[in-house]
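One structure below.
Every number in this text was worked out from the coordinates using simple rules, so none of it is lab data. The shown structure was predicted, so the numbers you read here are calculated from the model rather than taken from an experiment. Ideal geometry is used to build each Cβ from the backbone, glycine not excepted, and the neighbour counts take in all protein chains shown.
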Amino acid sequence: MRRLVIAVMMMFASCACALELPDSVKEWQCVSEHIVTLTPEANGENLGRMVYRDYVRESPKGTVQLILTEGGGTGSLYVPERVRDAKGLTPSDSEYRLLTVSGRKSIMEHQAYMPLVLAVNVGDNVILTIESNSLTEDEIVSFAEETLSSWSITESDSYPAR
């Protein structure tokens, strides 16, 4: 029983300082949310969480999914200093572009027939990923900047050595 109480206290303690995704971003409204707590079964330690939020816009119609991963079990986003000019980092049809979003290292992935994906290293062990078939590259960057401006983020922008 004591272990259960401690586990619940740890869970609420870690969520108390967690970043919260906005209910709306400009004309986009959140329509669903799913939260996954990362807890290994062996010791019950809370290693972080993943928050999935779906947003819709009426005019023009569109959808966006935000995925916030945070905690020691998620790690930080690795953004290389450069990517190959040809087809990106992997021998696939994916193309990658490095950029800075609100002063933070980011990487954009574009693959034919798949959603456009932007991953932003928000800070130590905090990553914001945005996926959309509805947005252009400029619009997805603007969406990310608007989302980030709703937070007061104080984490450092350090990156793990790889």
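So if R0 is 30 Å, what FRET efficiency would SER149 and VAL31 give, r being the distance between their Cβ atoms, rounded to the nearest 0.05? Efficiency, from the Cβ-Cβ distance: 0.90. On full extension, the segment bounded by MET114 and THR100 gains 2.8 nm, given 0.36 nm per residue less the C-alpha separation. The local environment of VAL51, defined by Cβ-Cβ distances under 12 Å, has a net charge of -2 under the rule Lys, Arg +1 and Asp, Glu -1.
Taking 0.36 nm per residue of separation and subtracting the current Cα-Cα distance, fully stretching the chain between SER59 and LEU47 would add 0.4 nm.
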